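The structure appears below as structure tokens.
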Amino acid sequence: MASNLISKLPAVGTTIFTTMSALAVEYNAVNLGQGFPDYSMSEELISLVNQAMKDDNNQYAPVSGWIPLRESIAEKIELLYTTSINPDTEITITPGGTYAIYTALTSIINSGDEVIIFEPAYDSYIPNIEINGGRVVPLLLSFPDYKIDWVAVKNAITTKTKAIIINSPHNPTGSVLSKEDINQLRSVVEGTNIIIISDEVYEHIIFDGVAHQSILRYPDLLERSFVCFSLGKVYNCTGWKLGYCVAPPSLTKEFRKVHQFNAFSCFTPAQVALSSFLKNKEAFISLSAIMQEKRDYFKQLMTSSRFSLLESGGSYFICAKYNRISEEGDKDFAIRLTKDFRVATIPVSHFYHNGQDHHVLRFCFSKKKETLELAAERLSLI
Ligand code: PMP
Ligand code: GLN
């Protein structure tokens, strides 16, 4: 490293997802660590991308995204949340949900601004805030049900609070915000200029008949929000890195200023393909039931192990305590599990700025039945 280079992210190393996936490969382990499906995506969608390329849709898309795709997204929002969104001024297509969150934060944070996050928190939030000169205000979700303490949120608000990041369904825990949480959020931000960044990448992976409390349902909150989505999560193609951000025109304008000098635009053929594929409601509406079946199957398989599974109301993930097995720290335990029992997981302490360790691992169940069976068989040996 050049000797005059001062790292902008001195505390940051390689992400836990990369680390555990690499370890899984090294030890030929079943990978229930990094969140991605190990089964194929829709053949029809692949054909549509191929067709889009053959039809010569291979040049830059507009900065804000392929217009018919934005129109299809607006139709989907209207259908799901009965909210009317202007595709021209309120939707921006992005290279993934992470990018949308980063761009939202970059658009609004000035040096010294405070951003409230809830821990355990998805690992990109803290570096995203800090690289922009913001100050992270981490609040704890309760354990083991991972709920927000709204009194603590009220107490944490200062004149410098610029934003609050919420995430439902939640990664890593699978907890879900209720309507009551949304009402609490409303009362916290009322009369302030606080901006909400709502990470809703698991919008279509929510279980037990519970309705997703999208910020898109609430116009009074939406007017101060960036709401971030991931199409990779909806269509089993996380490697496509395609998502979008919905925000009111004034926030979208700032968002696009940053976006146009970063990615500028996203992969055109996928946008063309999705603009028609998104009209198939069944494909996104059926996702919750498919994933719920996987969650339930994994839970049932794991009854033969000594892990104690926690609740998961949505997302790709379910967490488990292992206090009946070991007193090791979760990182050491996750490494040993990968090396000796050949199942990779994610240690949840990684999602706390101070490494708080409740001895909990995260398992990803968006996998084939055979994968879940093999993992559970091995996990039952410990
Ligand atoms: N937020 C959360 C909570 C996630 O779990 C993920 C990805 N798994 C993302 C954002 C990013 O999504 P994308 O891959 O579309 O960038
Ligand atoms: N979001 C995925 C997870 O939680 C990982 C994505 C990544 O590796 N950046 O597992």
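The values are calculated or read from the model by the stated rules, or taken from the named source; none is laboratory data. As the structure is a computational prediction, the values presented were derived from the model and not from experiment. In this analysis, Cβ positions are derived from the backbone assuming ideal geometry, glycine residues included, and neighbour counts consider all displayed protein chains. For accessibility, only protein heavy atoms count, side chains too; no ligands or nucleic acids. Shrake-Rupley method; radii C 1.70, N 1.55, O 1.52, S 1.80 Å.
What three numbers, in Å, describe the spread of the alpha carbons of region 248-365 along their principal axes, ordered from the longest?
For region 248-365, the Cα spread along each principal axis is 51, 37, 27 Å.
Using a 1.4 angstrom probe with every protein chain in place, what is the largest-first accessible-area order of ASP181, ASP55, ASP296?
My answer, sorted largest first, is ASP55, ASP296, ASP181.
What length, rounded to one decimal in nm, is gained on full extension from ASN110 through to LYS279, with 0.36 nm per residue of separation minus their alpha-carbon distance?
Net length gain for the segment: 56.9 nm.
If you roll a 1.4 Å probe over the heavy atoms of the protein chains, what accessible area per residue do you get for the chain, in Å²?
43
Indicate the helices, whole DSSP H runs only, in the chain that combine a mean Kyte-Doolittle hydropathy of 1.0 or more with a Cα extent along their long axis of 30 angstrom or more.
none
Find the percent of Cα-Cα distances in region 234-317 that exceed 14 Å, and round it to a whole number.
Of all Cα-Cα distances in region 234-317, 76 percent exceed 14 Å.
At 1.4 Å probe size, put THR252, THR15 in order of accessible surface, largest to smallest.
If we order THR252, THR15 from most to least accessible, we get THR15, THR252.
Please list, by residue number, every one of the trypsin sites (Lys or Arg not before Pro) in region 143-205 that is coil in DSSP and has at most 10 other beta-carbon atoms within 10 Å.
Passing sites in region 143-205 do not exist.
On a C-alpha basis, how far is the centre of region 89-138 from the centre of region 59-77 in Å? Whole number, if you could?
When both Cα centres are located, 23 Å separates them.
Here are some pairs, LYS257/LYS367; LYS8/LYS162; LYS54/LYS369; LYS241/LYS369; LYS8/LYS339; LYS54/LYS241; which of them have Cα atoms lying more than 28 Å apart in this structure?
In this structure, LYS257/LYS367; LYS54/LYS369; LYS8/LYS339 exceed 28 Å between Cα atoms.
For region 56-126, state which chymotrypsin sites (Phe, Trp or Tyr not before Pro) are in a DSSP loop and have at most 14 other beta carbons lying within 10 Å of their beta carbon.
Those that pass, being in a loop and sparsely packed, are TYR60.
Give me the log10 of I(q) over I(0) for region 216-283 at q = 0.17 Å⁻¹, as the Debye formula computes it from C-alpha points; what are the numbers?
-0.77
So, taking all protein chains as they sit and a 1.4 Å probe, how much accessible area belongs to TRP150, in Å² rounded to tens?
Approximately 20 Å² of TRP150 is accessible to the 1.4 Å probe.
Considering the convex hull of the alpha carbon atoms of region 323-379, report its projected area averaged over all viewing directions, in nm², one decimal.
4.1
Largest first, what is the accessible-area ranking of PHE255, PHE36 with a 1.4 Å probe?
PHE36, PHE255
Give the shape of region 52-111 as rounded, prolate or oblate, defined through the alpha-carbon gyration tensor: a ≥ b ≥ c are the square roots of its eigenvalues, a/c under 1.5 means rounded, and otherwise the shape is prolate if a/b is larger than b/c and oblate if not.
Oblate shape, in that a/c is at least 1.5 and b/c is the bigger or equal ratio.
Please list 3J(HN,Hα) in residue order for region 305-320, calculated via the Karplus relation 6.51 cos²θ - 1.76 cosθ + 1.60 where θ = phi - 60°; whole Hz, with x for glycine and proline.
These are the phi-based 3J(HN,Hα) values: 9, 9, 6, 10, 6, 8, 6, 10, x, x, 6, 8, 10, 9, 9, 9 Hz.
Where the centre of each part is set by its Cα atoms, how far does region 200-254 sit from region 310-356, in angstrom?
For region 200-254 versus region 310-356, the Cα centre distance is 27 Å.
Measure off, as a whole percent, the carbon and sulfur share of the 1.4 Å-probe accessible area of region 232-354, all protein chains present.
Heavy-atom surface of region 232-354 belonging to carbon and sulfur, 1.4 Å probe: 51 percent.
Could you give the Stokes-Einstein D for the chain in µm² per second, using the C-alpha Kirkwood radius, 37 °C, 0.692 mPa s?
This corresponds to a translational diffusion coefficient of 153 µm²/s.
Of all the accessible heavy-atom surface of region 1-111, with the other protein chains kept in place and a 1.4 Å probe, what percent is carbon and sulfur?
Heavy-atom surface of region 1-111 belonging to carbon and sulfur, 1.4 Å probe: 54 percent.
Can you classify region 123-192 as rounded, prolate or oblate using the Cα gyration tensor, where a ≥ b ≥ c are the square roots of its eigenvalues, rounded means a/c under 1.5, and otherwise it's prolate if a/b beats b/c and oblate if not?
The shape class here is oblate.
Classify region 144-253 from the C-alpha gyration tensor, please: rounded if a/c falls under 1.5, else prolate or oblate depending on whether a/b exceeds b/c.
Taking the square roots of the gyration eigenvalues as a ≥ b ≥ c, region 144-253 is oblate.
Please calculate the 1.4 Å probe accessible area of TYR297, with all protein chains present, and give it to the nearest 10 Å².
50
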